[in-house]
1. At a 1.4 Å probe, what is the % contribution of carbon and sulfur to the accessible area of the chain?
2. What's the whole-number percent of alpha carbon pairs in the chain lying beyond 15 angstrom?
3. Compute the angle between helix 36-63 and the longest alpha-carbon principal axis of the chain, please, reported from 0 to 90 degrees and rounded to the nearest 10.
4. Please give the solvent-accessible surface of Arg14 in Å², to the nearest 10, using a probe radius of 1.4 Å with every protein chain present.
5. For the chain, what is the accessible area per residue in Å² when the probe is 1.4 Å?
6. Could you pull the accessible area for Ile45 with a 1.4 Å probe, rounded to 10 Å²?
7. With +1 assigned to the C-beta of every Lys and Arg and -1 to the C-beta of every Asp and Glu, and no other charges, what is the dipole magnitude of segment 7-66 about the Cα centre in debye, to the nearest 20?
8. Angle, helix 8-32 long axis vs. longest principal axis of the chain, Cα atoms, 0 to 90°, nearest 10?
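The values are calculated or read from the model by the stated rules, or taken from the named source; none is laboratory data. Because the structure is predicted, anything quoted here is derived from the model rather than measured. Note that we place each Cβ from the backbone using ideal geometry, even for glycine, and neighbour counts take in every protein chain shown. Surface areas here come from the heavy atoms of the whole protein model, side chains and all, with no ligands, DNA or RNA. Shrake-Rupley method; radii C 1.70, N 1.55, O 1.52, S 1.80 Å.
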Amino acid sequence: MPDYGPTRGELKFRLGFSAAGLILLAAALALHGVKGLAWLEIALIAGGFFGGSFCWSALKLWRGEG
């Protein structure tokens, strides 16, 4: 069966990129706080994207897929 998923190198890149995004998001929230609905929306969407990508990539790497 052919493998159409991302390679191991791509998963490592996604993991690192997602970790950097989560760190930058946490730094921005620590410096500015959540002021208003726009910041809350940014925090939820960006946190969901980076957090989900981080968890998905870590799980794939842990299972040895890729």
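1. 72 percent
2. Values: 1198 of 2145 pairs.
Cα-Cα pairs of the chain separated by over 15 Å account for 56 percent.
3. With rounding to tens, the tilt is 20 degrees.
4. Spelled out: Arg14, probe radius 1.4 Å, area about 80 Å².
5. Each residue of the chain exposes 74 Å² on average to a 1.4 Å probe.
6. 110 Å²
7. Taking the Cα centre of segment 7-66 as origin, the dipole is about 180 debye.
8. 10 degrees
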